[in-house]
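Every number here is computed from the coordinates shown, using simple stated rules; none is lab data. Keep in mind it's a predicted model, so treat the numbers as computed, not measured. Quick reminder, even Gly has a Cβ in these numbers, built from the backbone with ideal geometry, and neighbours come from all protein chains shown.
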Amino acid sequence: MVLRHPLIAGLFSLLLLTVLTSIPLHAEPRANSNALHDGPCTKQFNGRLITLDITPRPVRAMQPLLFRVTVEPAGELPPVLLLDFTMPGMYMGKNVMKLVRTAPGTWENRGVIVRCMSGKKLWQLMILSPELGNPAFSFDVRD
Ligand SMILES: [Cu+2]
């Protein structure tokens, strides 16, 4: 038989409540890479400089776009990198683009960002690469 002291149980639930209320449950996710509308966006991940460039700019939904990732130093990366498109807090189906190496340290492909029926604009593009630390860029796509 497990003995549960009511005071300890009470303290525990109070502690749990404090932890839960300190998490902003309804915080809207925000874009961290809206600079993509003005030029290539470079971040440092795992000691490498990773640049995402989407053209033409600004980046609009339902427009043919060129996605280019450059990595410096490129090291031993595969000839294909996967770029995963998601909308934070929403399931939009699986949208993974194969980026193909077009030059040393450069991967590219073309595609379209769909317009979301909800009216939301925030997309996250994550390079699915454990070697690179799965770097992600989020931005508000324009109409
Ligand atoms: Cu959506």
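What net charge do the residues around Arg30 carry, taking every other residue with its C-beta under 15 Å from that of Arg30, with Lys and Arg at +1 and Asp and Glu at -1?
Counting the neighbours of Arg30, the net charge comes to 0.
If you add up the charges near Thr70, with Lys and Arg at +1 and Asp and Glu at -1, over every other residue whose beta carbon is less than 13 angstrom from its beta carbon, what do you get?
It works out to a net charge of +1.
What is the local net charge at Asp143, summed over the other residues whose Cβ is closer than 11 Å to its Cβ (Lys, Arg +1; Asp, Glu -1)?
Charge balance in the 11 Å sphere: +3.
Remind me, relative contact order of region 28-140 in percent, using alpha carbon pairs under 8 angstrom and six or more residues apart?
The value is 29 percent.
FRET efficiency for Tyr91 and Arg57, Cβ-Cβ distance as r, R0 = 35 Å, nearest 0.05?
The formula returns an efficiency of 0.80 here.
Simple spin-label model, 7 Å along Cα-to-Cβ: Met117 to Thr102 in nm?
3.3
Test of understanding: what is the full-extension gain from Phe45 to Ala27, defined as 0.36 nm times their sequence separation minus their Cα-Cα distance?
Between Phe45 and Ala27, full extension yields an extra 4.0 nm.
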